[in-house]
Amino acid sequence: MVNTMDKISPEVVTGIQAIIKASALCQRVWSDLAGGESIRKSDRSPVTIADYGSQAIICKMIRDRFPNDTIIAEEDSKELRKPDHSKVLEQVTHFAHAFFPTSSSKEVCSWIDFSSNSITDRFWALDPIDGTKGFLRGDQYAIALALIENGGVILGFLACPNLYMDIHNPFGERGCLFMALKGKGSVQMGKNGLSEQPLSVSKVKNPSEATITESVEPDHADHLTHQHLAQKLNISKPSFRMDSQAKYGILARGEATLYLRVPSPSEPGYKENIWDHAAGSIIAEEAGGKVTDVLGRPLDFSCGIKMVKNHGILVSNGILHDVVLKALEM
Ligand code: AMP
Ligand code: MG
């Protein structure tokens, strides 16, 4: 439960171990195969060997430790089991062997399918690779895992294997792990879970000094509306485009002041997925930030896979939240 969870609770220990392994698997897929083959899902979005491998490992580790917990994750093994995709399945199994050496392809598929579609009072939300398009481009991506109880996120992890540790040293060490516990703050660690540092959002009070972060993909957010908002608030710094929930991470550590996600005109009624925001939102909030939709409503993780009661996303350092909400009413 919320107040009894601490850094040595089994949820935290299992979550960190799982996300570190999944992150290492993704990096290996990238370094061995430059991303490798991908499969097109029914919505035309890509899913890679790394998405499947990451989901298999994390689901297995959570199921082994918490057999009664529900996991809601983005992928399933339906496409992977098709004979046309046997080479991809072979590769997924090969990369999983680095962590579970005796696993068969059948077992790997069954781990992926530990994921369920219906939420319960307590569940884990997992995006095995958030920002798959970023992963394929060699840009930012994240492995995002959160624990939700009674509709509230109580624990969140984000592994960002390509993100620099320190903004002042962008060519220095890469690979960050973010973690937040409800009521206990947010921290950043190195990719092996060491060198923990507490995080806090930027203290910027004047909207004109804000730095905006937004999606790279124009289909995921309305860049033009974001630009109009920036003009309205006299923000002169160019927006920082970045794939995945790494945007929540850079906001939590004060490098960005606002994360804007007004729905794209290509899909104005788009409803966000819980796994795209659960982990990131607690990391931003526990660092002192504020997270709502673009109408100022709290994010609702209790409706199912889709956040049907929300429209877009607004994340801020807290101080600027109301000013931005007001400016969005244009
Ligand atoms: P980002 O890297 O921040 O652009 O977000 C990546 C996530 O965008 C993916 O995990 C998708 O689930 C999600 N996504 C897909 N289509 C849309 C859309 N039309 N609007 C907003 N998000 C989307
Ligand atoms: Mg995603």
Taking every pair of alpha-carbon atoms in segment 158-203, give the share separated by more than 13 Å as a whole percent. 56
³J(HN,Hα) computed for each position of segment 43-51 - Karplus, 6.51 cos²θ - 1.76 cosθ + 1.60, integer Hz, glycine/proline x: 8, 6, 7, x, 10, 10, 3, 5, 4
Using mean Cβ contacts within 10 Å as the protection proxy, how do 123-129, 165-171, 194-200, 136-142 order, highest first? 123-129, 136-142, 194-200, 165-171
Amide H to amide H, which residues 5 or more places from F240 or on other chains are under 5 Å from it, using H placed in the peptide plane? I212, T213, E214
Mind listing the phi-derived Karplus ³J(HN,Hα) values for segment 175-184, rounded to whole Hz, using 6.51, -1.76 and 1.60 with θ = phi - 60°, and x for any glycine or proline? x, 10, 10, 9, 9, 9, 10, 3, x, 10
Order these by the 10 Å Cβ neighbour count, fewest first: L147, L258. L147, L258
Would you mind ranking C109, C176 so that the residue whose beta carbon has the fewest other beta carbons within 10 Å leads the list? C109, C176
Considering just Cα atoms, how many Å³ per residue does the convex hull of segment 143-223 enclose? 166
Under-5 Å amide H pairs with I72, H placed in peptide plane, nonlocal only: S116, W124, A125, L126
Across every pair of different alpha-carbon atoms, what Kirkwood hydrodynamic radius in Å does segment 124-165 reach? 11.0
Hey, any idea what Rg/Rh is for the chain, computing Rh the Kirkwood way over Cα pairs? 0.95
Separation of segment 61-124 and segment 290-307 by C-alpha centroid, Å? 28
Name the long-range amide H neighbours of L163: under 5 Å, sequence gap of 5 or more, or other chain; modelled H, no Pro or chain starts. G175, C176
Over segment 14-107, how many percent of alpha carbon pairs lie in each 10 Å bin up to the one with the longest distance? 16, 51, 30, 4
Take each of the peptides 297-303, 110-116, 83-89, average the number of other beta-carbon atoms within 10 Å over its residues, and list them starting from the highest. 110-116, 297-303, 83-89
State the three equivalent ellipsoid semi-axes of segment 127-278, derived from the C-alpha gyration tensor as the square roots of 5 times its eigenvalues, in descending order and whole Å. 24, 19, 16
Could you work out Rg/(2.2 N^0.38 Å) for segment 205-330, with Rg from alpha carbons only? 0.95
Applying the Karplus parametrisation 6.51 cos²θ - 1.76 cosθ + 1.60 with θ = phi - 60° to the phi angles of segment 87-102, what ³J(HN,Hα) value in whole Hz is obtained for each residue in order, glycine and proline being reported as x? 5, 5, 4, 4, 5, 4, 5, 4, 5, 5, 4, 4, 10, 10, x, 9
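Any read-out appearing in this document is the output of simple, stated calculations on the displayed coordinates, not a laboratory observation. Nothing here was measured: the structure is a model prediction, and the numbers come from that model. Please note: Cβ atoms are built from the backbone with ideal geometry, for glycine as well, and neighbour counts cover all protein chains shown.
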